[in-house]
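*Asks:* Here's a structure for you.
The values are calculated or read from the model by the stated rules, or taken from the named source; none is laboratory data. Quick caveat, the model's predicted, so the values are computed rather than measured. All Cβ positions, glycine included, derive from the backbone under ideal geometry; neighbour counts span all protein chains shown. For the accessible areas, the whole protein counts, side chains as well, though only heavy atoms, and no ligand, DNA or RNA atoms are used. Shrake-Rupley method; radii C 1.70, N 1.55, O 1.52, S 1.80 Å.
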Amino acid sequence: SIASADMDWNQLEAFLTAQTKKQGGITSEQAAVIAKFWKNHRTQIHESLVSQSRWDRVLKNMNWRVDLKSQLRHIDQINTPVAIVEMELGKNGQ
């Protein structure tokens with residue numbers, strides 16, 4: 001929970017306090033250890049999670065346009081905008 005929310009110091013303190021008060025939760029000593037670990041390794045943990053969740057592809061090109069329907073069977077569908085998006089993906093570094 002701490003890593004996925006990328007908690008700042010205030011959020012971390014509130015979260016750990018709630019965990020210590022919860023039945024079957026953690027002890028205050030465990031909370032202190034977790035807080036110290038998070039303070040020292042937050043950046044590395046965040047970068048690791050980002051690199052694991054990043055796609056291996058990059059956006060190479062993108063084209064888009066908006067079309068308006070000018071003739072349809074039902075009058076309420078006329079002038080309804082439709083967006084068309086074309087994206088070209090490529091491997092990272094290629």
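*Asks:* State, as an integer percentage, the relative contact order of the chain based on alpha-carbon contacts under 8 Å between residues 6 or more apart.
*Replies:* Relative contact order, the chain: 23 percent.
*Asks:* So, one more: Return the FRET efficiency for the residue pair Ser4, Leu89: r is the Cβ-Cβ distance, R0 is 30 Å, and the value is rounded to the nearest 0.05.
*Replies:* For Ser4 and Leu89, the calculated efficiency is 0.70.
*Asks:* With the other protein chains left in place, how much accessible area per residue, in square angstrom, belongs to the stretch 2-53 at a 1.4 angstrom probe?
*Replies:* Counting only protein heavy atoms, the per-residue value for the stretch 2-53 is 75 Å².
*Asks:* Which residue, Ser48, Ser70, Ser28, has the most motion in a Gaussian network model of the chain that connects Cα atoms within less than 10 Å?
*Replies:* Ser70
*Asks:* Treat every Asp and Glu Cβ in the chain as -1 and every Lys and Arg Cβ as +1, leave all other atoms uncharged, and give the resulting dipole magnitude about the Cα centre to the nearest 20 debye.
*Replies:* It works out to roughly 100 debye.
*Asks:* When the convex hull of the Cα atoms of the stretch 2-53 is projected onto a plane and the area is averaged over all directions, what value comes out in nm²?
*Replies:* Values: hull surface 14.8 nm².
Mean shadow area of the hull around the Cα atoms is 3.7 nm².
*Asks:* Hey, if you put +1 on the Cβ of every Lys and Arg and -1 on every Asp and Glu Cβ in the stretch 2-53, which of Gln52, Leu12, Thr27 ends up farthest toward the positive end of that dipole?
*Replies:* Positive-most Cα among the choices belongs to Thr27.
*Asks:* Relative to the first principal axis of the alpha-carbon coordinates of the chain, what is the inclination of helix 28-53, with its axis defined by its Cα atoms, in degrees from 0 to 90 and to the nearest 10?
*Replies:* In the chain, helix 28-53 runs at an angle near 30 degrees to the longest axis.
*Asks:* A further question on this structure: In nm, to one decimal, how far is the modelled label at Gln71 from the one at Ala14, with both set 7 Å along Cα→Cβ?
*Replies:* 5.9
*Asks:* How far is helix 9-21 tilted, in degrees, relative to the longest principal axis of the Cα atoms in the chain, given as a value from 0 to 90 rounded to the nearest 10?
*Replies:* 60
*Asks:* Report, please, the projected area of the chain averaged over directions, based on the convex hull of its C-alpha atoms, in nm².
*Replies:* Taking a quarter of the hull surface, the average projection is 12.3 nm².
*Asks:* If you don't mind, another one. Along Cα→Cβ, 7 Å out, is where each label goes; now give me the distance between the ones at Glu29 and Asn79 in nm to one decimal.
*Replies:* Result: 7.3 nm between the two label points.
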